[in-house]
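Comments concern the structure below.
The values are calculated or read from the model by the stated rules, or taken from the named source; none is laboratory data. Just so it is clear, the structure is predicted and the values come from calculations on it, not from any experiment. Ideal geometry is used to build each Cβ from the backbone, glycine not excepted, and the neighbour counts take in all protein chains shown. The protein model used for the area step is the full one, side chains on, heavy atoms only, and it has no ligands, DNA or RNA in it. Shrake-Rupley method; radii C 1.70, N 1.55, O 1.52, S 1.80 Å.
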Amino acid sequence: MNFVEELQWRGMIHDIMPGTEEHLNKEMTTAYVGIDPTADSLHIGHLVGVMMLKHLQQAGHRPVVLVGGATGMIGDPSMKSAERNLLDEPTLRHNQESIKKQLMRFLDFNSGEANSAVMVNNYDWMKDFSFLDFIRDVGKYITVNYMMSKDSVKKRLSSESRDGMSFTEFTYQLVQGYDYLHLYKELDCKLQMGGSDQWGNITTGTELIRKTVGGEAYALVCPLITKADGGKFGKTESGNIWLDAAKTTPYQFYQFWLNTSDQDAEKYIKIFTLLNKQEIETLVKEQVEAPHLRPLQNRLANEMTILVHGQEALETSIEASQILFGRGSTQTLKKMDEPTFLSVFEGVPIFTIEKVALQEGVNIVDLLAEKSSVFPSKGELRRTIAGGGLQLNKEKIDNGDRLVGMGDLLNDKYLLVQKGKKSFYLLIAE
RNA sequence: GGGGAGAUUCCAGAGCGGCCAAAUGGGGCAGACUGUAAAUCUGUUGUCUUUCGACUUCGGAGGUUCGAAUCCUCCUCUCCCCA
């Protein structure tokens, strides 16, 4: 199975330029994906592009990761409906380093082979490019008419858009197009990949290559990852799902994948894991036969957690999940020794309170909304209690007057607060 | 430079000077049902208060008025059209 076929059955091809597959079959091809260094960690939205590069490398081609130091300073109009904040250079450099470390879990940068992965930063060649040089050497080849016909631009110029588009943003596709030209010349890069929203930007690049050096370059984009319910992929109420354990704990990461809806699970497992076609088909069959066991979600969560955080983190996450969602009760919680307890609740938001306050017993509303900030307001807490959504140490609280005292402490130190089904908070009395 | 439209709560978007903490939809949160899924139904969604109620909010600053999201003045910002 070649690279294109591989992506095909995984549902990772949205659009591909004619001739791309032929070229890939003909020779080892260098291809790149751009990543914006807007943060010092990748989030799971980035993984689609990363997985494309992974498959590419496995097929014997050379992956290039382009960190958009320059383009990240501009902001891609197709990404957002509004103008973006600009980043400064030290931040960009720091972010690039962190991102590379994460990418090394996926791509081989030091294989010594011809298809060893490469990372470049377009800031390096854009920073000294003068405005005059740019408009003469690049701008000259592309007409404004062509640029305006791109969807990303049209959308922003239409009257539905609430904001205008700055010249800076308008220029974005030219800068990205020039990146492609630069890599074409320097690294013999003949393929650019990305999300389908990048199609317009990528084709500006191929157009530029054709017009300036008469070269042939290709494009391949994957569909935008969506959720069946129309929500945005990779977001939870607390924001992005990051690869960095400090931003998103392994437990939360694991839970994210486990919570995937049935409709999405098959799609995600194809895109994000390296399981082969047969393995996935088997899992799908199991899912149909025993949907309550959720074989797809379980496998997906396992694979992803191992890939990003390692085996040990996976085991802790599973253990924590079983205690929190399984038949955990006040008794099981009390029986746990402290190290186990702490490892299970690693990553759960922690609040500290004064132990003294508990000696006389304290009203639960005051405890959670005043003595600690588990809840932002008393009103919200009362509503949650009234709706039966609050548990203390796995025991339902149905009265806002409930007094919490020393006897409620687990291991003489902890209180486990649960809001709804999935949100846990840990109180430490000191 | 000229003309027009606009800024309301998480978002979108209503809002005769009092009945406006502000319609409606979306989103969020919670409950029921379930499989930590989806769909559906219910509740809730400024702060404080057990209740009554009190207080702070409608771009900013002033003003008119017994009373302002609503009227007036100035300012800031945004969009559109013409030149």
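May I ask you to list pairs of residues, at least six apart or on different chains, whose Cβ atoms are under 7 Å apart, with the first in segment A:260-289 being surrounded by 19 or more Cβ atoms within 10 Å (Cβ to Cβ) and the second being aromatic (Phe, Trp, Tyr)?
Between residues of segment A:260-289 that are surrounded by 19 or more Cβ atoms within 10 Å (Cβ to Cβ) and residues that are aromatic (Phe, Trp, Tyr), the close pairs are A:THR260/A:TYR268.
If you go through segment A:1-56 one residue at a time, how many are open to solvent by 30 Å² or more (accessible area, probe 1.4 Å) and within 29 Å of A:THR91 (Cβ to Cβ)?
8
Among the listed residues A:ASP124, A:ASP137, A:ASP133, A:ASP151, which satisfies the condition of being open to solvent by 20 Å² or more (accessible area, probe 1.4 Å), among the acidic types (Asp, Glu) and within 20 Å of A:TRP199 (Cβ to Cβ)?
Only one candidate passes the filter, namely A:ASP151.
Between A:GLU360, A:GLU346, which is open to solvent by 70 Å² or more (accessible area, probe 1.4 Å), modelled with pLDDT under 90 and either more than 34 Å from the chain's Cα centre (by Cα) or away from RNA strand B (no atom under 16 Å from the Cβ) (or both)?
Only one candidate qualifies: A:GLU360.
Which one of the conditions (1) out of contact with any Pro (no Cβ under 7 Å at 6 or more places or on another chain); (2) more than 25 Å from A:VAL4 (Cα to Cα); (3) of a type outside the set (A, V, I, L, M) does A:ASN201 fail to meet, given that it meets all the rest?
Going through the list (1) out of contact with any Pro (no Cβ under 7 Å at 6 or more places or on another chain); (2) more than 25 Å from A:VAL4 (Cα to Cα); (3) of a type outside the set (A, V, I, L, M), A:ASN201 breaks only (2).
Any residue in segment A:305-318 that is within 10 Å of RNA strand B (Cβ to nearest atom), more than 19 Å from the chain's Cα centre (by Cα) and open to solvent by less than 60 Å² (accessible area, probe 1.4 Å)?
Checked segment A:305-318: at least one residue is within 10 Å of RNA strand B (Cβ to nearest atom), more than 19 Å from the chain's Cα centre (by Cα) and open to solvent by less than 60 Å² (accessible area, probe 1.4 Å).
Among the residues of segment A:366-404, how many are within 12 Å of RNA strand B (Cβ to nearest atom), in a strand (DSSP E or B) and open to solvent by 60 Å² or more (accessible area, probe 1.4 Å)?
1
State yes or no: is A:GLU160 modelled with pLDDT of 95 or more and of a type outside the set (A, V, I, L, M, F, W, C)?
So A:GLU160 fails the test.
Can you name every one of the helices (runs of 4 or more DSSP H) wholly within segment A:113-224 that holds 3 or more residues which are touching a residue at least 40 places away in the same chain (Cβ under 8 Å)?
Correct list: A:123-126, A:151-157, A:167-187, A:199-213.
List every residue pair whose Cβ atoms lie under 7 Å apart, where the two residues are 6 or more positions apart in sequence or sit on different chains, the first residue falls within segment A:40-59 and is more than 14 Å from A:GLY234 (Cα to Cα), and the second residue, located anywhere, is surrounded by 21 or more Cβ atoms within 10 Å (Cβ to Cβ) and among the polar types (S, T, N, Q).
A:ASP40/A:ASN95
Has segment A:242-257 got at least one residue that is within 11 Å of RNA strand B (Cβ to nearest atom), within 22 Å of the chain's Cα centre (by Cα), under 29 Å from A:ASN393 (Cα atoms) and free of Cβ contacts under 8 Å to residues at least 24 places away in the same chain?
Taking every residue of segment A:242-257 in turn, none turns out to be within 11 Å of RNA strand B (Cβ to nearest atom), within 22 Å of the chain's Cα centre (by Cα), under 29 Å from A:ASN393 (Cα atoms) and free of Cβ contacts under 8 Å to residues at least 24 places away in the same chain.
Please go through segment A:258-279 and pick out each residue that is farther than 15 Å from A:ILE44 by Cα, touching a helix residue (DSSP H, G or I) at 6+ places or on another chain (Cβ under 8 Å) and more than 16 Å from RNA strand B (Cβ to nearest atom).
If the condition is that a residue be farther than 15 Å from A:ILE44 by Cα, touching a helix residue (DSSP H, G or I) at 6+ places or on another chain (Cβ under 8 Å) and more than 16 Å from RNA strand B (Cβ to nearest atom), then A:LEU274, A:LEU275, A:LYS277 are the ones that fit.
When A:LYS419 is evaluated against the numbered criteria (1) in contact with a Lys or Arg (Cβ under 8 Å, 6 or more places away or on another chain); (2) open to solvent by 60 Å² or more (accessible area, probe 1.4 Å), which criterion, by number, is the only one it fails?
So A:LYS419 meets the others, but not (1).
Those residues that are assigned to a helix (DSSP H, G or I) and among the small types (Gly, Ala, Ser), I need them from segment A:335-365; list them, please.
Of everything in segment A:335-365, those that are assigned to a helix (DSSP H, G or I) and among the small types (Gly, Ala, Ser) turn out to be A:SER343, A:ALA357.
Working only within segment A:405-428, note down all residues that are within 16 Å of RNA strand B (Cβ to nearest atom) and hydroxyl-bearing (Ser, Thr, Tyr).
Once the filter is applied, which keeps residues that are within 16 Å of RNA strand B (Cβ to nearest atom) and hydroxyl-bearing (Ser, Thr, Tyr), segment A:405-428 yields A:SER423, A:TYR425.
Residue under question is A:LEU107, and the condition is that it be buried (at least 16 other Cβ atoms within 10 Å of the Cβ) and at pLDDT 75 or above; does it hold?
yes
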